[in-house]
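What follows is a set of notes on a single structure, which appears directly below.
No value in this document is a laboratory result; all are computed from the given coordinates. Computed from a prediction, not measured in an experiment: that's the story for all the values here. Here the Cβ positions follow ideal geometry from the backbone for every residue, glycine too, while neighbour counts run over all protein chains shown.
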Amino acid sequence: MQDNQANGGLRRALRARHLSMIAIGGSIGTGLFLASGATIASAGPAGALLAYAVCGLMVYFLMTSLGEMAAYMPQTGSFQVYGSRFVDEGFGFALGWNYWFNWAVVIAVELVAAGLIMHYWFPATPGWVWSALSLALIVALNIVSVKGFGEAEYWFSLLKVLTIIAFIVIGLLMIVGIMTRPVYHGLAAGLPVFFASGNGFVGGFAAFISVSMVVGFAYQGTEVIGVAAGEADDPAQTLPRAARQIFWRILMFYMLSILVVGLLLPYNDPLLLKNEMSDVGASPFTLVFQRAGMAAAASVVNATILSAVLSAGNSGIYACTRMLYSMAQNGMAPRALGKVSRNGVPRNALYLTTAVAALCFLTSLWGDSKVYMWLLNCAGMTGFIAWLGIAICHYRFRRALVAQGKDLSVLPYRARWFPFGPLFAFVLCLVIMLGQNVGAFSGAHIDWNGVLATYIGIPLFLLFWLGYKWKHRRPLIALGDIDFSAARADR
């Protein structure tokens, strides 16, 4: 396989601990540290917890689906390749470019956030300066070698994990009364109101669907291990193990964190409801630390959020470059993007991704928060499209194995609950995507700006898919004709 060749191909330098931390680094970022407060404020503590639980179940099925395919057929750019092999070439083409755009936008989101976070310490310095420095740092980490990237991501993610554990421990001590519990003036908090219909669940089903996109964005990044499959050491063993470990770690961190916040902070807390991203007080982590009597909480949490932002951007650069490399190898992107440096880094793909990520510099023209929210909406929808594609690929992958008479014992790892798992993930993704901005159609006049900002990713994906099919005349691949020849012989 070209990916494994020493003469310029990608190298298998990522170990299981690297893979686990890469996915944690990509998925635990501003979605947890900043956006979780707005989620609780919008849907209530119980509504937010339910959204994280349901989306977490969906992520579990997607991770096991991806783990099954990647262990049997490890490919750099994985589900873009799977889309081309298990559905049709146009689907893989659209899936790959959609995923690249998704992470390129996420990188810009994280870089904008870096500028906003640094504003806490240096309010007089323009945000684009910190965005530029952050971009230079993560590009430098990725340009050295894949092993250097893996080590950097490991330590970035470890800092976030330790902070979350400290937050959960301190929060639980406050809940049981060992540490000082905050007193609210007319605001209810605690277990009695957590599941109450008027406080625990706010806004009903509409609010649940609305916050699910934000929750989904918070979970996005878990699928990066599939993109990294071509550079994993012994993928038949490391990928399934990493997939299982990643999900349970992330679910534990998210669910426990939301539970602690929901029990300690009222959903209508004025500070929790703040939407100004430049105010670290909007972070529920900061509020809990502060109310535990820790005066330096804001700076500690701010520094951790900054490391989380850099970590997510680091994973994003990696995912983008490997997806472009994979598509270039398959003739779906300019051939120059498939060139690899001596140390195994697709530098041309890195340069193109860096140029697109520099969109963060637009913040100096239109204001940090406005651009941040616009980019966040774009990234959320394209991320769900990528997940939708994973569910479709796995369903056809398993159906094709059966149709061709292959024994399922050939699979190094078998996802449980098939076909319920991919079908559940497909339906939930579709409902969340289509239901995001239904309110824009319910007024006297349709909010076309809101509709465009929310749904632009769907027509773009269809344009790429159908346009490729029209140009190359590639039909849907029959289950009996799906090619499994790229599966590793040494698995």
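Nearest 0.05, what FRET efficiency do Leu430 and Leu57 give at R0 = 22 Å with Cβ-Cβ as r? If you can, show how the numbers build up before the last one.
Working: r = 16 Å, r/R0 = 0.71.
It comes out at approximately 0.90.
Between Asp407 and Val176, what is the FRET efficiency for a Förster distance of 45 Å, r being their Cβ-Cβ separation, to the nearest 0.05?
Values: r = 53 Å, r/R0 = 1.17.
The formula returns an efficiency of 0.30 here.
Determine the gain in length on full extension of the stretch Ala136-Asn343; use 0.36 nm per residue of separation and subtract their C-alpha separation, reporting nm with one decimal.
Values: separation 207, 0.36 × 207 = 74.52 nm, distance 1.91 nm.
Contour length minus Cα-Cα distance gives 72.6 nm.
Pop a pseudo-label 7 angstrom from the Cα along the beta-carbon direction at both Ala166 and Leu476 and give the gap in nm to one decimal.
Here the modelled spin labels are 5.3 nm apart.
If Lys and Arg each add +1 and Asp and Glu each add -1, what is the summed charge of the other residues whose beta carbon sits under 11 Å from the beta carbon of Asn142? Can you show the working numbers first?
On the way: positive: Arg322, Arg347; negative: Glu153.
Taking every Cβ under 11 Å from that of Asn142, the sum is +1.
What number comes out for the charge environment of Thr354, summing +1 per Lys or Arg and -1 per Asp or Glu over other residues with Cβ under 14 Å away? Provide the component values of the computation, followed by the final result.
Details: positive: Arg347; negative: Glu110.
With Lys, Arg at +1 and Asp, Glu at -1, the neighbours total 0.
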